[in-house]
Every structure is written in structure tokens, then in C-alpha cells.
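Notes for the one structure printed next.
Values quoted throughout were computed directly from the atomic coordinates according to the rules given, and no laboratory measurement underlies them. A quick note: this is a predicted structure, and the numbers were derived from the prediction, not measured. Neighbour counts are summed over all protein chains in view; Cβ atoms, including those assigned to glycine, are modelled from backbone coordinates with ideal geometry.
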Amino acid sequence: MINRYIWLIDTIRRYGRITLDELNRQWLRSPLNDGRPLPRRTFHHYRNGAEQMFGVNIQCDRSTYEYYLEDTAQSTLQQWLVDSTALADTLRDTSDIAGRVVLENVPSAREHLSTIIDAMRQNRRIRFAYRSYTRSQRTTVELEPYFVKIFKQLWYVIGHNVVDHKIKTYALDRMADLVIDPDHVFDYPEGFTPQEFFKDCFGITTNQNAPKRIVLRVEPTQAKYFRALPLHPSQQEVVHDNYSVFTYRMRLTYDLREELLSHGSAIEVLEPPELKVIIRDELRKALALYQNNS
């Protein structure tokens, strides 16, 4: 039933405005169809279910009898579910061209994500063995899982480390022997939100430093990518003849440093001075590797 709700949302979204007759024609071509048309009563049943579950408003223009999606503030999770399920539905019958559909691998979701989601529903601690990339030995972690986040094809869980009394981030692909602790229930902190926790950060790393004004000079081609996929919600742009200047307010974190370095000569850090020094020193170290081996 959820797949049918998502099919309805996605179909209306793709068409922009669509009549019930056209919806019925699309329904007859859908792999979800059981060989029967879409009666008006069933359509309104799906419509009500989609609105309640995914926070959308499906309106009807009485002058044309076309249905459309009214602009609403969908949550990120709701939008992700709609997009992901709609994509899965699109790919359902592509076995004949399977070799021409290339997807990215997200290995960390296969084994542990459902267990962590279950623990979050119950507000119960989880316990697991964890191997950090900076340590050779595994450590046992007891965590009160607050929320999960995906970043660059990897899933992470963020929560309160019971031993260290700190909020920490753990990658699911580095976990082993994950179990839910049946004896310990925790209270989700009042007023805590994942959005606020990562508000001033890029990626999955954070720190206690104050956010800085970050200014980047970006060459025109790269600027198009920044417009299509902003680094951060605070992004602002001023367009010049041969470059753009992007301004942000973020903390200086490891993930931000790595992201800026990945763009090479396509960007230049103008502010703040300490970030400029960090990027310059990293580039010098990289250049030295090639100079020493030449």
C-alpha cells in the first residue's frame, strides 16, 4: 500500500498537473497494477493515505479537474522515502537492461541499520565492538542511539557514549557484534534535534569551535556544481565575470577540509586565514610527495 501511495505522489510530481483519466492510464502501465483500472473511490483512498503518511497535499483545480501537489514542508526523511521507493519502482522491471543501470554501493546499511532503528524506537542502548581507522584494536561501545545519518554512501549512528559521557559518531561499517541492551532504557534529551546538532557543519564530523565565515573563490564550471548541490544551507553566491564567490557560515571540521581539498585548483579559500593556511599546507605536502619522487 505504501508503494501505491508513493507511486501516486511521484506520478503527480512528474506530470505537474494531471487528470484522473490520465492517472488511470498511467496506473494501467504501472507494475503495481493488478490488471484493473483505478476507480475514483480507490484514488481518493490512496490520496488520503499519501497525504497522511508523507505530509503532502494533493489538490484539485476545479476549473480543469487536474490534480497537483501543493508546496509543503516535507521532512527530509519523507522526501527520501518517496524518492527512494519511486526509484525502486522505476527499476523494478529493468532486468532486460540491468547492465546499463549503475548504482553506488551502500554496504553499511545491510547488517546493522535495522537493529539500530529498532533500538531507537524503543529508546534502548546498543552495544557493539568498534574498530576505528586510527586504532588497531577493537573497543566495546555502549551507546544511547539518538539518530542515524548517511554521508557519502556510508551510514552513521550518533548518540551518547555511556562511558565517555559524550555525544559521538560511529560508522556502521566498522561495527561488529551489535546487540540491543534489553535492560537499559534511556530518555531522549528534550529539545535535542539532529538538525541543530549538525547545523554549522559539513559532513559527519563536528567540534566545539565557533562557526566561521568561510569565503571561497570558485571557477565558473565548478560553481555550477555548487549551485546544483550546495555545500551547506548557509551558502550564498556573488557572480563575477570569470568566477563566483561563495560565502558560508560553518565550523572548520575534518570533513570540510577534505571536501575543499578534493576540488583542487577549481577553488581558492579567501577566508578565514586559518583555513587558508590549512589548505595551503596540505597542498604543499601533496606536492612534496611528487617532487621527492621525481
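Things to note:
- Arranged from fewest to most other beta-carbon atoms within 10 Å of their beta carbon, Arg4, Arg36 become Arg36, Arg4.
- In the elastic network of the chain, a GNM with C-alpha springs shorter than 10 Å, the most mobile of Ala176, Ala228, Ala266 is Ala228.
- For the chain: relative contact order, % (alpha-carbon pairs under 8 angstrom, 6 or more apart): 11 percent
- Residues with amide H under 5 Å from that of Arg249, placed H, sequence gap 5 or more: Ile214, Ser234
- Candidates Tyr170, Tyr248, Tyr67: whichever shows maximal mean-square fluctuation once the chain is modelled as a Gaussian network with Cα springs under 10 Å: Tyr67
- Compactness relative to 2.2 N^0.38 Å, alpha carbon Rg of the chain: 1.25
- Ordering of 141-149, 160-168, 54-62 by packing is 141-149, 54-62, 160-168, highest average first (other Cβ atoms within 10 Å, averaged per residue).
- Lys, Arg +1 and Asp, Glu -1 on Cβ, resulting dipole of the chain about Cα centre, debye, nearest 20: 240 debye
- When the Cα positions of Phe43, Gln122, Gln137 are compared along the charge dipole of the chain, Gln137 comes out farthest toward the positive end, with charges on each C-beta of Lys, Arg, Asp and Glu.
- Rounded to the nearest 500, the 222 nm mean residue ellipticity of the chain from helices alone is -11500 deg cm²/dmol, with -39,500 (n - 2.57) taken per DSSP H run of at least 4 residues.
- Highest-fluctuation residue, Asp255, Asp177, Asp71 considered, GNM on the chain with Cα pairs under 10 Å: Asp71
- Per residue, the convex hull spanned by the alpha carbons of region 107-197 comes to 104 Å³.
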